[in-house]
Amino acid sequence: MRYEVTLPNMGDDAETAIVSLWLADEGDIVNENDDLVEMTTDKASFTVPSPKTGTFLEKAVEEDDEVKVGDVLCILDI
C-alpha cells in the first residue's frame with residue numbers, strides 16, 4: 001500500500017521548510033523512526049523520520065525545494 005510522508009507541523013510558527021539533504025534513496029528499506037530527510041527553516045534544522053516501516057518508493061520533492069506543512073515529501077510502500 002502506498003503511504004504519503006508529509007512535512008509535519010514544526011510547532012514554531014514556521015509554515016515552510018527547505019529540503020536540505022535526502023538520507024534515504026528510492027528502493028531503500030526504512031524502519032519506523034529512521035530519518036528520511038533533513039529540513040531547514042530560518043530558525044532550525046531537523047530531520048523527518050519515517051512514520052512507518054516499508055520501502056522508499058519515490059521522492060516527491062528534490063533537495064533545495066521549499067515545501068509547506070502538509071506537502072508530500074515522499075512515498076513509501078508499506
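The values are calculated or read from the model by the stated rules, or taken from the named source; none is laboratory data. Quick caveat, the model's predicted, so the values are computed rather than measured. Neighbour counts are summed over all protein chains in view; Cβ atoms, including those assigned to glycine, are modelled from backbone coordinates with ideal geometry. Areas reflect the complete protein model, heavy atoms only, side chains present, ligands, DNA and RNA absent. Shrake-Rupley method; radii C 1.70, N 1.55, O 1.52, S 1.80 Å.
Could you tell me what percent of the accessible area of the chain is made up of carbon and sulfur, with a 1.4 Å probe and every protein chain present?
42 percent
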_With a cap of 13 neighbouring Cβ atoms within 10 Å, and only residues DSSP puts in a loop, list the trypsin sites (Lys or Arg not before Pro) found in the range 1-64._
LYS43
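Taking GluC sites (Glu not before Pro) that fall in a DSSP loop and have at most 12 other Cβ atoms within 10 Å as cut points, what is the longest piece of the chain between them?
Here the longest run is 33-61.
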*For the pair LEU23 and ASP77, how long in nm is the line joining their label points, each one 7 Å along Cα→Cβ?*
2.4 nm
*If you average the sequence gap of Cα pairs under 8 Å that are 6 or more apart and divide by the length of the chain, what percent do you get for the contact order?*
42 percent
*Where a ≥ b ≥ c are the square roots of the eigenvalues of the C-alpha gyration tensor, would you call the chain rounded, which needs a/c under 1.5, or, failing that, prolate if a/b is larger than b/c, or oblate?*
prolate
*Setting aside same-chain residues fewer than 8 positions from LYS43, which lysines have a Cα under 21 Å from its Cα?*
LYS68
_LYS43/MET1 FRET efficiency (R0 30 Å; Cβ-Cβ; nearest 0.05)_ = 0.30
*Return the sequence-ordered ³J(HN,Hα) values of the range 43-55 in whole Hz as given by the Karplus equation 6.51 cos²θ - 1.76 cosθ + 1.60 applied to θ = phi - 60°, using x for Gly and Pro.*
10, 7, 10, 7, 10, 10, x, 6, x, 9, 8, x, 9
_Using the basic label-point model (7 angstrom from Cα toward the beta carbon), what is the ASP12 to THR55 distance in nanometres?_
3.7 nm
